[in-house]
Ligand code: DC
């Protein structure tokens, strides 16, 4: 039997993956997997439990019992840890950096692999992350790699933080983005890189509408209908 359709959207933080993923999932009425949220919640739970982010064995144990759920709400999908809404807490810059550290451990990634694959369902799934097309769903029917310059990603993040009324300094954000990129791209296991059969989209000079349009054209080419 043919497997349910998966559209993977990989790329560095701030390239617009989240927004593209949400739009595609809504358009096709597909399920959505925000894999970064899983690493963010694991890092958050580990910190709460007093674990060191370099302690791979303890992190694996934590990953195995992680009680995580996603709950659709009017303002997007909320992330629950042991039934408690941690959506805000896991979205800070620090939480992103911690997630990137936790995600660098091969055994931790292994422990979370099946949990991610379980999101595949009819009529389809849009999966957002770093290794969706390379490791988690290598047989995905459509693979997109969304990139953008670090400078533009930092500008977008600065704007986003300001809108939320938070103080944000461009230079610091850019520095953090570069550090996270460096770690995600250069780790030994499942590094951030496009799958050979992915459409590479550079969103540096594109609006989200233009990105969506190009993604839709590629999906049509791959799936035959949109
Ligand atoms: O997409 P995000 O910013 O929420 O991801 C946070 C971190 O989690 C990212 O810096 C690296 C890690 N991550 C990963 O290693 N693999 C994924 N599929 C998704 C995220």
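Where a number appears in this text, it was derived from the coordinates with a stated rule and is not lab data. Fair warning: this is a prediction, and the values are worked out from it, not measured in the lab. Note: ideal-geometry Cβ built from the backbone for every residue, glycine included; neighbour counts use all protein chains shown.
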Which of 108, 102 has the fewest other C-beta atoms within 10 Å, and how do the rest follow up to the most?
108, 102
In a Debye calculation with equal point scatterers on the alpha-carbon sites of the stretch 77-147 and no solvent, what is log10 I(q)/I(0) at q = 0.14, 0.25 Å⁻¹?
-0.57, -1.33
Global form of the stretch 140-226, assessed from the alpha-carbon gyration tensor, a/c cut-off 1.5:
oblate
With the 8 Å Cα cutoff and a minimum separation of six or more residues, the stretch 32-153 has a relative contact order in percent of 32
Quick check on packing: order 193-203, 68-78 by the mean number of other C-beta atoms within 10 Å, highest mean leading.
193-203, 68-78
Please state the relative contact order of the stretch 138-226 as a whole percent: Cα pairs under 8 Å, 6+ residues apart?
42
Using a Gaussian network model of the chain whose springs link C-alpha atoms within less than 10 Å, name the residue from 215, 52, 37 with the highest mean-square fluctuation.
52
How high is the relative contact order of the chain, in percent, with contacts defined as C-alpha pairs under 8 Å that are six or more residues apart?
32
Largest-first principal axis extents, alpha carbons of the chain, Å:
50, 44, 37
Where in the stretch 140-161 does the amide nitrogen come within less than 17 Å of the point 7 Å from the Cα of residue 204, taken along Cα to Cβ?
145-157
Of all DSSP beta bridges having both residues in the chain, the percent classed as antiparallel (nearest 5) is 30
